[in-house]
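Below is one structure; the comments refer to it alone.
A short reminder: the numbers here are calculations on the coordinates, not readings from a lab. Only a predicted model underlies this, so the values are computations on that prediction, with no experimental measurement involved.
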């Protein structure tokens with residue numbers, strides 16, 4: 001897989017070339033549709049995160065060795081899926097098979113009495129307390145690396161601010177069952193292409209009814225059974 005697209009420089013196998021193009025001048029359509037699709041470059045990650053991927057320090061090597069566990073520990077959501085374990089009976093490489101649809105589950109923003117916070121709830125907690133909980137569940141990982149990753153997310157992940165604002169709103173109206181939070185979609189966007197608001201389209205968290213000028217299909221979160 002070493003043949004570059006002449007437009008976007010994505011790598012392909014030679015046999016993926018479009019019909020009618022030659023082996024000496026292959027053209028490809030599955031990447032950028034021969035230059036018709038142009039995406040902006042990915043933003044550079046924070047320096048501290050990039051170092052964990054690029055360097056060969058003990059911290060960076062340990063991070064890459066356990067990267068899936070760090071990713072799971074710091075996730076905002078849990079995986080909702082009915083796994084088909086029977087598919088792995090017998091020999092051969094293991095397969096992740098599922099029944100039905102795959103989704104991401106997110107719990108209430110407010111932690112129920114007597115329960116430890118998890119997933120997105122940890123981002124509205126005191127960072128030191130969140131770190132203690134993370135390490136209690138992942139004591140084989142490096143606390144220094146976990147602290148660094150947690151700090152990077154708090155400083156750079158835009159959803160951390162969204163969740164903190166939502167939690168602050170709940171704290172202001174703890175007993176008001178009529179409080180709702182609206183994630184406002186941009187009605188000017190193509191609704192066939194943007195079925196849900198993307199990150200850049202979340203404009204604000206607005207207390208109140210939100211009914212004035214509410215066109216399109218906004219996501220509205222209500223209290224239900226005491227939690228949001």
Got the relative contact order for the stretch 9-167 handy, in percent, Cα pairs under 8 Å and 6 or more residues apart?
18
Net lengthening on full extension, residue 126/residue 64 (0.36 nm per residue, minus Cα-Cα)
19.6 nm
If you average 1/r over every pair of different alpha-carbon atoms in the stretch 1-132 and take one over that average, what Kirkwood value in Å do you get?
20.1
How much length would be gained if the chain were fully extended between residue 12 and residue 172, taking 0.36 nm per residue of separation minus their Cα-Cα distance, in nm to one decimal?
52.1 nm
